[in-house]
Structure formats: C-alpha cells, structure tokens
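Dumping the structure here so I can ask a few things about it.
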Amino acid sequence: MRRSLPIVAFILAIALASPASAEEVADPDDVKGKLDLSLVVANKSDTDAPLRIRIETHENWAASLLSWKGKNRVWILFNVDNDTNIEYVGTITSAKGKLGLNIEGSGSAFETLRVRHPDGHTLKTKIPGDSPPNPEGTVRIAVRSRYKTKTGGCSEGCRDRAPNGGSLAVS
Ligand SMILES: [Ca+2]
Ligand SMILES: [Ca+2]
Ligand SMILES: [Ca+2]
C-alpha cells in the first residue's frame, strides 16, 4: 500500500491546484408559463467565497411578475451539509419592481440580498461567503418556481424545479 501513496498525493495536488469552475444544469422546456426554468449556474471562486447564482427561464418577463403581493415565486433551496434535507430557503420577490432574495431556515432569517434582472429571462444574485446558507466548503442548491394565472393553463399554478431531482453541488 505504501507504494500507492505518491500517486494519491499527486492526484490531490492536481485537485487542489484546479481553479474553481461553474457548476450548471440546463432544464428543459418542461412546464407551461413564464417561470419555466431553463438554466441554473452556480460558482464559488474559493471555499469561503461568495456563492454566485444565475437563474434563467425560457421566457422573458418584467421584475414586477414576482411582486410579493402575488403568487409567482422563484425559490433557491440550500442544503449545507451531508444529509439530503434543505436547511435554508431563499425566496425571490419584487417590491415596486425591485427584486430581493430573503433567506430563512434553521430558525434564522437574513437581511434581504440584492437580485439583478439584467435581461428579461435572467436572475443573478450573490450569497456572502462563510455565511450559514453558504458555509465554507460545499453547498448544494436547487431552484424552484411557481407561476399562477387567474385563468388558463396555470390557474392551478405551474411549478418547475431545476435540476428536476437532486441538486447542484458547488464548492
Ligand atoms: Ca424547465
Ligand atoms: Ca442538509
Ligand atoms: Ca424542470
């Protein structure tokens, strides 16, 4: 066994030297409505760096679609340890057209984080590094959406998840 040690050390050295890369999952055109998710991209430049998240949908919409007064929502789920349970849920809503992310869970609620909507189908946000929803090391995330209309195909609420099962592991 002793002979295999240098190989292990060599592989570890490569792993440590690799720059952090973006993790992403494309999501198909699998639900009706404006909040049909198409892509989630997440990355951390270092283990204790901010977690940057980009969410895209297949359709374009105005920030007011996510008004806190309405039923439409985009949620970010955070699993920050080794089990499969979600510890924190971030809810994206808008007030007077300005988007924010409110993260709650494990008995805590955090200050609203800024969310940008640089084009009609993209949401971008940043979770501070070394914070409960983005602890040092690996964090697993998934995104859910709900789009509800008064009549028609989404009157019961059209819901999407990306990835459809499991989560995106970012470290
Ligand atoms: Ca989708
Ligand atoms: Ca967990
Ligand atoms: Ca999906």
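On the basis of being surrounded by fewer than 18 Cβ atoms within 10 Å (Cβ to Cβ), more than 20 Å from ALA22 (Cα to Cα) and not hydrophobic (A, V, I, L, M, F, W, C), does ARG146 make the cut? Steps first, please.
Working: surrounded by fewer than 18 Cβ atoms within 10 Å (Cβ to Cβ): yes; more than 20 Å from ALA22 (Cα to Cα): yes; not hydrophobic (A, V, I, L, M, F, W, C): yes.
Yes: the conditions hold for ARG146.
Those residues that are within 16 Å of ligand 1 (Cβ to nearest atom), surrounded by fewer than 21 Cβ atoms within 10 Å (Cβ to Cβ), farther than 12 Å from LEU123 by Cα and of a type outside the set (Asp, Glu), I need them from the range 26-57; list them, please.
ALA26, PRO28, VAL31, LYS32, LYS34
Need the failing condition index for SER64 against (1) farther than 25 Å from SER45 by Cβ; (2) out of contact with any Gly (no Cβ under 6 Å at 6 or more places or on another chain); (3) modelled with pLDDT of 95 or more; (4) not in a loop (DSSP other than H, G, I, E, B), just the number.
The failed condition is (2).
Return yes or no: is PHE110 surrounded by 15 or more Cβ atoms within 10 Å (Cβ to Cβ) and either under 13 Å from ASP160 (Cα atoms) or within 16 Å of ligand 2 (Cβ to nearest atom) (or both)?
no
Let me ask you something else. Which number in (1) modelled with pLDDT under 95; (2) surrounded by 20 or more Cβ atoms within 10 Å (Cβ to Cβ); (3) of a type in the set (D, E, K, R) marks the one condition that ASP130 misses?
ASP130 satisfies every listed condition except (2).
Oh, and also: Give the range 140-163 a look and list any residue that's part of a strand (DSSP E or B) and more than 15 Å from ligand 1 (Cβ to nearest atom), or say none. Write out each step before concluding.
Within the range 140-163, the subset part of a strand (DSSP E or B) is 140-147, 158-162.
Within the range 140-163, ARG140, ILE141 meet the criteria.
Looking only at the range 109-139, filter to residues that are in contact with an Asp or Glu (Cβ under 6 Å, 6 or more places away or on another chain) and in a loop (DSSP other than H, G, I, E, B); which one of those is nearest to LYS71 (Cα to Cα)?
Residues of the range 109-139 that are in contact with an Asp or Glu (Cβ under 6 Å, 6 or more places away or on another chain), as a first pass: 121-122, 129-130, 136.
So of that shortlist, the ones also in a loop (DSSP other than H, G, I, E, B) come out as 121, 129-130, 136.
Working: HIS121: 18, GLY129: 30, ASP130: 32, GLU136: 34 Å.
Applying the filter and picking the extreme gives HIS121.
What's the number of the only condition in (1) within 16 Å of ligand 1 (Cβ to nearest atom); (2) farther than 18 Å from ARG73 by Cβ; (3) surrounded by 16 or more Cβ atoms within 10 Å (Cβ to Cβ) that GLY166 fails to meet?
Unmet condition: (3).
Got at least one residue in the range 112-123 being on the phi > 0 side of the Ramachandran plot and in contact (Cβ under 8 Å) with a residue 60 or more places away in the chain? Please lay out each step first, then the result.
From the range 112-123, those on the phi > 0 side of the Ramachandran plot are none; that's our starting set.
The answer is no; no qualifying residue exists.
Take the conditions modelled with pLDDT of 95 or more, within 16 Å of ligand 1 (Cβ to nearest atom) and not β-branched (Val, Ile, Thr) and apply them to ASN85. Does it pass?
Numbers: modelled with pLDDT of 95 or more: yes; within 16 Å of ligand 1 (Cβ to nearest atom): no; not β-branched (Val, Ile, Thr): yes.
Taking the combined requirement at face value, the residue does not satisfy it.
The values are calculated or read from the model by the stated rules, or taken from the named source; none is laboratory data. All values derive from a computational prediction rather than experimental measurement. Because the Cβ atoms are built from the backbone with ideal geometry, glycine has one as well, and the counts that use them run over all protein chains shown.
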